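S.K.: Sharing a structure below in structure tokens format, with a few things to ask.
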Amino acid sequence: MISDNKSIDSDFYDNSGYHEINASHLRDFNSRFQKYRVEKIRDIYDPQSTDVVVDFGCGWGTFCWAFASRVKSVVGVDFSERSILLCNEQLNKWPYDNVTFLHGDARRTNLPSEMCDLIIAADLFEHLYPEDSRQVIGEAFRLLKKQGHFSIWTPHRGHIIEILKNRNILFKKDETHVDYKSMQVLIEMLERAGFRVKKHYYAESHIPGFNTIEGIFSKLVPCLRRRIAILAYKP
């Protein structure tokens, strides 16, 4: 249990077993959940073969592997040293010459300005405190070329699963989800940073059967809106 006064930082992700405990569905890139994530990120924006892609909060490298054969190059960025170690171990097994991993802070990556065409932030913003989120969005704006795209994918706090999880009912609360953002809050932060939003919508979950119900009724029933999807671009 994390103390209410203690913030969750890179040390937590490096030393708590976060990347191993209850993470089999994330370490298995062929799991239903990982295939769902990749499909949904491609639904937001499917990069072109000439694109340079940066994945903020790359975790296990899911999107780096998914897009490696489809784009010019991919850079995975994570402030967890453990994450980058695991990604580089996998890179040794899958020697893509257009994939690199950077142990760095998405608030200040030190990558060159206007160096990429697409930035992905999938399941990242719920792990960020409010001020960190503003800084990450600002860094994304700096890194993107003009007309470059920023894809965001994050849980909707009002979904029934998140409601239950946050009360430790049926599901265990994820203490690393330190600050859920609503769609409106994310759009406002993006626009304040200079982005323009191309599209935004709620997406269904990966659970068979239940996702059909979500797809039919989510417009009328907010607790069936599983994920927030946003595509913004740098004008």
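Computed from the coordinates by the stated procedures, all read-outs in this text should not be read as laboratory data. Just so we're clear, the structure is a prediction, and the values are computed from it rather than from any experiment. FYI the Cβ positions are ideal-geometry reconstructions off the backbone, even for glycines, and counts take in every protein chain you see.
S.K.: Using a simple spin-label model with points 7 Å from Cα along the Cα→Cβ vector, what separation in nm is obtained for Asn110 and Ile213?
M.R.: 5.0
S.K.: State the extension gain, in nm to one decimal, for the chain segment bounded by Arg32 and Tyr96, taking 0.36 nm per residue of separation less the distance between their alpha-carbons.
M.R.: Gain in length upon complete extension: 20.7 nm.
S.K.: Take the alpha-carbon centre of the stretch 206-235, take the same for the stretch 27-103, and report the distance between them in whole Å.
M.R.: If you average the Cα positions of each part, the centres end up 23 Å apart.
S.K.: Rounded if a/c is under 1.5, else prolate if a/b beats b/c, else oblate: with a ≥ b ≥ c from the C-alpha gyration tensor eigenvalues square-rooted, which is the stretch 51-109? Intermediate results must be reported in sequence, preceding the final value.
M.R.: On the way: a/c = 2.12, a/b = 1.22, b/c = 1.74.
Because a/c hits 1.5 or more and a/b fails to exceed b/c, the stretch 51-109 counts as oblate.
S.K.: Sticking with this one: Zone of Thr176 (label point 7 Å along Cα→Cβ, backbone N under 12 Å): which residues in the stretch 84-101?
M.R.: Correct set: 84.
S.K.: Run the paramagnetic zone check for Leu164: 7 angstrom along Cα to Cβ, then residues of the stretch 190-226 with backbone nitrogen under 12 Å.
M.R.: Counting only backbone N, you get 210.
S.K.: Would you mind classifying the stretch 1-122 by shape? Square roots of the alpha carbon gyration tensor eigenvalues, ordered a ≥ b ≥ c; an a/c under 1.5 is rounded, otherwise it is prolate if a/b is larger than b/c and oblate if not.
M.R.: Prolate is the answer for the stretch 1-122, as a/c is 1.5 or above and a/b outweighs b/c.
S.K.: Within the chain, what percent of beta bridges assigned by DSSP are antiparallel, to the nearest 5?
M.R.: Taking every DSSP beta bridge within the chain, about 45 percent pair in antiparallel fashion.
S.K.: With each pseudo-label sitting 7 Å past Cα toward Cβ, what's the Arg192-Glu131 distance in nm, one decimal?
M.R.: Once both label points are built, they end up 1.3 nm from each other.
S.K.: 222 nm [θ] for the chain, helices only, -39500 (n - 2.57) per DSSP H run of 4+, per residue, to 500?
M.R.: Rounded to the nearest 500, it is -10000 deg cm²/dmol.
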